[in-house]
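Working notes, beginning with the structure itself.
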Amino acid sequence: MAAITKQTALENAKCIIIKVGSAVLTDENGLSFPVLESLVEQIAHLHKMGKKVCLVSSGAVAAGKKTLGTSYKIEGLAGKQGAAAIGQGKLMHEYEVLFQKHGILCAQILLTRDDLRSRERFLNAKNTFQQLLQWNVVPIVNENDTVVIHELKFGDNDALASLLCNIVEADLSVNLTSTKGVLAKNPLKYPNEQIEIMEQIENIQDLNLDELCGGKTSVGTGGMYSKLLSARRSAQLGVATFIIPGKEPNIILRALQGEKIGTWICPTDDPVSRRKYWLAYQSDAQGILTIDEGAYLALSEKGKSLLPAGITHVEGNFGAGSIVAVVYQNQKIAVGLSNYSASELRKIKGLSRLEVATALGNAHYPEVIHRDNLLLHAAI
C-alpha cells in the first residue's frame, strides 16, 4: 500500500473526528464562549464543504463547576461526577444554540469504553453514528463521566477519539490542544532550551512516548502522552492525526488548507483490520503472558500465532476469551484474545501440543492466541 501524502489525506478526508479538551474550551471563568462559537463556525464550514464531522468534547466538569459556584465543595470522584451531570446539560445547550444558527442539528452521545466491549453493542453504536452522519447531524461525544467507575482522568476523551475512528470509519483525526504541537524534546528535561515543534511524525511507532512526554499523566494534569497514544492507535487503523493549537482563530480550516501549523502524524502504510483493532482496544488487558525469544521471533517476524511452548510466565487471573498483553524482555509487544484461562495456561506454559493434550485432557486449541486475534505493537 503506497504512502498517502499529507495534502492528499487532507483533500480526501470525508469523515473527520475533532477532539477538543477542557484546556481549550475553558478559561478562568469556565466555558469560553468565543472558543465554542469559533469551533462551531468551523464545523459548519466543514459541513458546507461536504465533510462529515464527529465532535469529541470535554468541558462538562468545568461547566458544572462554574454553575455550582464557590458555595459547593467539589471533592473526589462523586463531586466530579456530580459537576459533570450538571455541566453536561449546559454544555450541550450551548452547542445546540450555536449549531442552530447554522441550521445544523447536533446529538449528544455519552459513552464509556465498557459500552463498546460487547461486539453487539459496538455494532449498535456504529449503526447509530452512521445514521446520524447520514442525516448530517453532528454527534457530540463525551466520556460518560457520571457513571464511569474509575477516577476521571484527562486523556479519557483522547482514547475515546481513537476508538471512534473505528466506529465511524474516519479518514482524519484532529486533536485541538492548548500547545502549539508536539515538542521534539521533553521540556522538563531541557528547561533552558528553545525546543522546536515537530512538523511531522513519519512513524509514531518509533517514538518513545515515556521519554518524550515523561510517561503517563496523572489525574488533572492533561498532557501530550494521551494524545500521542491515541494518535498511535489511529495510525494503526490507517488514520492520520493532526495535533493543532485549538484556541487560534480558524485553526481547523487553516490546518486543512495546508498551512504549516501543529504536528501531522502519519498513518501506517499497512493498517490493521477494524475487527483486530476493536479486539485490541475495546478493554484493558486482563493479564500478561511473558514469552521466550523463539515465540517473539515467530510473532514479530513470521506473523505466527502464539503457542503454549513459547510462554514462560503467566500473570493475572482471567478467563478464556480475555484480552491479554504479550511481553518480551519486559516490553509489551502485543495484545490478543486468549483461548485459554490463566489457570489453564499455568498448566500448559512451555509445553508442546502433545503435552498440552495430556495436561488438560484434550487440546481444544493448538494456539493460545491466534494470529487473527493478535495485534503487534499495540498502543497500550
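The values are calculated or read from the model by the stated rules, or taken from the named source; none is laboratory data. The model shown is predicted, which means the values in this text are computed figures rather than measured ones. Cβ placement follows ideal geometry from the backbone for every residue including glycine, while neighbour counts extend to all protein chains displayed.
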Of the residues Leu337, Leu297, Leu289, which is surrounded by 21 or more Cβ atoms within 10 Å (Cβ to Cβ) and either of a type outside the set (Ser, Thr, Tyr) or within 30 Å of Thr5 (Cβ to Cβ) (or both)?
-> Leu289
Taking the stretch 92-104 as the search range and keeping residues that are of a type in the set (D, E, K, R) and part of a helix (DSSP H, G or I), which one is surrounded by the most Cβ atoms within 10 Å (Cβ to Cβ)?
-> Glu94
Of those in the stretch 260-286 that are of a type in the set (Lys, Arg) and in contact (Cβ under 8 Å) with a residue 40 or more places away in the chain, the residue surrounded by the fewest Cβ atoms within 10 Å (Cβ to Cβ) is Lys260
In the stretch 43-91, what residues are hydrophobic (A, V, I, L, M, F, W, C), under 30 Å from Ala255 (Cα atoms) and exposed (fewer than 15 other Cβ atoms within 10 Å of the Cβ)?
-> Met49
Checklist (1) crowded, with 23+ Cβ neighbours inside 10 Å; (2) farther than 19 Å from Leu164 by Cα applied to Lys19, failing item = (2)
Do the conditions hold for Ser218, that is, is it at pLDDT below 85 and closer than 26 Å to Leu25 by Cβ?
-> yes
Within the stretch 319-369, work out how many residues are in contact (Cβ under 8 Å) with a residue 40 or more places away in the chain and in a loop (DSSP other than H, G, I, E, B).
-> 8
Would the stretch 322-329 turn up any residue that is buried (at least 20 other Cβ atoms within 10 Å of the Cβ), of a type in the set (Ser, Thr, Tyr), closer than 30 Å to Ala231 by Cα and not assigned by TED's automatic domain parsing to the domain that holds Ala235?
-> yes
Looking only at the stretch 303-318, and only at residues there that are in a loop (DSSP other than H, G, I, E, B) and not hydrophobic (A, V, I, L, M, F, W, C), the one that is modelled with the lowest pLDDT | Gly303
Of the residues that make up the stretch 32-45, is at least one more than 26 Å from Ile167 (Cβ to Cβ) and of a type in the set (S, T, N, Q)?
-> yes
Does His45 qualify as being modelled with pLDDT of 85 or more, in a loop (DSSP other than H, G, I, E, B) and in the same structural domain as Leu237 (by TED's automatic domain parsing)?
-> no
Going through the stretch 226-239 in order, the residues found to be crowded, with 24+ Cβ neighbours inside 10 Å and either without any contact (Cβ under 8 Å) to a residue 24 or more places away in the chain or in contact with an Asp or Glu (Cβ under 8 Å, 6 or more places away or on another chain) (or both) are Ser226, Lys227, Ser230, Val239
Residues in the stretch 174-194: is at least one of a type in the set (Asp, Glu) and within 21 Å of Cys266 (Cα to Cα)?
-> no
Out of Asn157, Asn142, Asn175, report the one residue that is surrounded by 22 or more Cβ atoms within 10 Å (Cβ to Cβ), under 21 Å from Ser58 (Cβ atoms), in the same structural domain as Val40 (by TED's automatic domain parsing) and modelled with pLDDT of 95 or more.
-> Asn175
